[in-house]
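The values are calculated or read from the model by the stated rules, or taken from the named source; none is laboratory data. What you see is a predicted model; the values in this text were computed from it and never measured. All Cβ positions, even for glycine, are placed from backbone atoms using ideal geometry, and neighbour counts span all protein chains on display. Each accessible area value is taken on the protein alone, full model and side chains, heavy atoms only, with ligands, DNA and RNA left out. Shrake-Rupley method; radii C 1.70, N 1.55, O 1.52, S 1.80 Å.
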Amino acid sequence: METTSISTNGESVPRDEIQGSVAGFPGEKNWVGVPLHFYKGVWYPAFAIRGAISFRQHFIARDTDIILASMPKSGTTWLKALAFSVVNRNIYSPTESPLLTTPPHDLVRFFEMDLYLKSQLPDLEQLPSPRIFSSHSHYETLPQSIRESGCKIVYICRNPLDQLVSQFHFTRSFKRKNGKPLSSIDEVFDHVCRGIQSYGPFWDSVLGYWKASLERPDKVLFLKYEDLKEDITLNLKKLAEFLGVPFTEKEEKDGVIEEISRLCSFDNLRNLEVNRTGFYQNTGPSNSTYFRKAKVGDWCNDLTPSMAEHFLKIVEEKLAGSGLSFKVSE
Ligand code: PAP
């Protein structure tokens, strides 16, 4: 029987409409055999597809919202910690930060894999402004109200070689139901070269946000993981300014930027009890799998020079003429 619910934008939504649509999407398998569905230009893992569709159909942005966007394994966890700390710095001092007791993914929640997965129509209205959310969807796939409202988007990208290797280690660090073990990166390389990976193609994700950041610099801030590693102070200032809460001279003098960067640093977050124990959303990957090495150029331990060259060539061809480039070593 078909039941109907009312969405936050007033539309009637037949509940099993989603189920029916998914069956018609092009399909593939991800690295460990989990189905991927191609929806609006993005390869969504099966566990996130319902959330992705509901999010796109129903989310209504506020002008004050902040959306953190990324390909997986590009610095999402870090960006969540940084943005949360910058925005809430007048509420919590670094010694009282909720980051000390709560994983970054629980403080800034994903639309597709969390909020709209648990409920087709989550009640986000009661959340105080500014709300901070995160998404792995591409720019073109975001709900219209995000693109059209005054809300801000911060995208973080990472060089494609480290992104791939980080994803490889993450994927093989936990077992999924019906999943097969992943032993070597060779098994997945062909897929990635064809753009088939969770939330890929990589080049479409980065290009969409890159172009949007050039066209609408007040709306979209494009950050690179490697730049943050190189100069966190400069990038924290950029982030705060973009979000409309620049650091004051007094804050700079008082060392507030350094305090936030220390609080959100890899070594600090990784060693917190809350991130060493427990699981994402209780049943997902262990919280510790979000903190591995955090090195620029770590890809060289898993990719041969010829694999790296081949993949980079593909990415460079896809990004040709965009002006976007990556730093692949320290
Ligand atoms: P997600 O998209 O699934 O949330 P994401 O946080 O983007 O994952 O990526 C995890 C990577 O960021 C890991 O990289 P690695 O596998 O190359 O080590 C992780 O170590 C790194 N990372 C996590 N937290 C931080 C941090 N505070 N500073 C720098 N890098 C970090």
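Just one of (1) outside any loop (DSSP other than H, G, I, E, B); (2) within 14 Å of Met113 (Cβ to Cβ); (3) within 14 Å of the ligand (Cβ to nearest atom); (4) not basic (Lys, Arg) fails for Trp78. It is (2). Could you tell me which residue of the range 14-73 is nearest to Pro181 (Cα to Cα), considering only residues that are outside any loop (DSSP other than H, G, I, E, B) and among the charged types (D, E, K, R)? Across the range 14-73, the extreme among qualifying residues is Lys29.
Pairs are defined by a Cβ separation below 8 Å, a sequence spacing of at least 6 or placement on different chains, a first member in the range 25-54 that is on the phi > 0 side of the Ramachandran plot, and a second member that is of a type outside the set (A, V, I, L, M) and at pLDDT 90 or above; the pairs so defined are Lys40/Arg56; Lys40/His138; Lys40/Glu140; Lys40/Thr141; Gly41/His138; Gly41/Glu140; Gly41/Thr141; Gly41/Asp204. Hey, does the range 282-303 have a residue that's open to solvent by 80 Å² or more (accessible area, probe 1.4 Å), without any contact (Cβ under 8 Å) to a residue 24 or more places away in the chain and among the hydroxyl-bearing types (Ser, Thr, Tyr)? Within the range 282-303, one or more residues are open to solvent by 80 Å² or more (accessible area, probe 1.4 Å), without any contact (Cβ under 8 Å) to a residue 24 or more places away in the chain and among the hydroxyl-bearing types (Ser, Thr, Tyr).
Taking the conditions exactly as written (over 22 Å from Lys80 (Cβ atoms) and part of a helix (DSSP H, G or I)), does Trp210 satisfy them or not? Spell out the reasoning first.
Working: over 22 Å from Lys80 (Cβ atoms): no; part of a helix (DSSP H, G or I): yes.
No, not satisfied.
Quick check: anything in the range 196-214 more than 19 Å from the chain's Cα centre (by Cα), surrounded by fewer than 18 Cβ atoms within 10 Å (Cβ to Cβ) and within 21 Å of Tyr139 (Cβ to Cβ)?
First, the residues of the range 196-214 that are more than 19 Å from the chain's Cα centre (by Cα): 214.
Checking which are surrounded by fewer than 18 Cβ atoms within 10 Å (Cβ to Cβ) leaves us with 214.
Subset that is within 21 Å of Tyr139 (Cβ to Cβ): 214.
Within the range 196-214 (the criterion being more than 19 Å from the chain's Cα centre (by Cα), surrounded by fewer than 18 Cβ atoms within 10 Å (Cβ to Cβ) and within 21 Å of Tyr139 (Cβ to Cβ)), the answer is yes, since at least one residue qualifies.
The sole residue among Leu319, Leu236 that is within 13 Å of the ligand (Cβ to nearest atom) and within 22 Å of the chain's Cα centre (by Cα) is Leu236. Do we have Leu182 as in contact with a helix residue (DSSP H, G or I) (Cβ under 8 Å, 6 or more places away or on another chain) and more than 14 Å from the ligand (Cβ to nearest atom) here? Spelling it out, Leu182 is indeed in contact with a helix residue (DSSP H, G or I) (Cβ under 8 Å, 6 or more places away or on another chain) and more than 14 Å from the ligand (Cβ to nearest atom).
So in the range 81-129, with the set limited to residues that are within 16 Å of the ligand (Cβ to nearest atom) and part of a loop (DSSP other than H, G, I, E, B), which one is surrounded by the fewest Cβ atoms within 10 Å (Cβ to Cβ)?
Top of the filtered list is Thr102.
If I filter the range 215-233 down to residues being among the charged types (D, E, K, R) and within 15 Å of the ligand (Cβ to nearest atom), which single residue comes out as surrounded by the fewest Cβ atoms within 10 Å (Cβ to Cβ)? Break it down into steps so the answer makes sense when it comes.
From the range 215-233, those among the charged types (D, E, K, R) are 215-216, 218-219, 224, 226-227, 229-231; that's our starting set.
Restricting the remaining residues to those that are within 15 Å of the ligand (Cβ to nearest atom) gives 224, 226-227, 229-231.
On the way: Lys224: 21, Glu226: 19, Asp227: 16, Lys229: 18, Glu230: 13, Asp231: 11.
Only one residue fits best here, namely Asp231.
Taking the criterion of being buried (at least 17 other Cβ atoms within 10 Å of the Cβ) and within 11 Å of the ligand (Cβ to nearest atom), the only residue of the range 247-262 that qualifies is Ser261.
When the criteria are applied in full, Lys237 fails the requirement of being among the basic types (Lys, Arg), farther than 18 Å from Glu330 by Cβ and in contact with a strand residue (DSSP E or B) (Cβ under 9 Å, 6 or more places away or on another chain).
Looking only at the range 268-280, which residues are buried (at least 16 other Cβ atoms within 10 Å of the Cβ) and assigned to a loop (DSSP other than H, G, I, E, B)? Passing the criteria: Leu272, Tyr280. Every condition in (1) without any contact (Cβ under 8 Å) to a residue 60 or more places away in the chain; (2) of a type outside the set (Lys, Arg); (3) farther than 24 Å from Met71 by Cα is met by Val256 except one, and the failing one is (1).
Checked against the criterion of being under 22 Å from Phe279 (Cβ atoms) and not in a helix (DSSP H, G or I), the candidates Phe170, Phe133 yield just one match: Phe133. Of the candidates Ser325, Ser265, the single residue that is under 26 Å from Leu239 (Cβ atoms), open to solvent by 30 Å² or more (accessible area, probe 1.4 Å) and away from the ligand (no atom under 13 Å from the Cβ) is Ser325.
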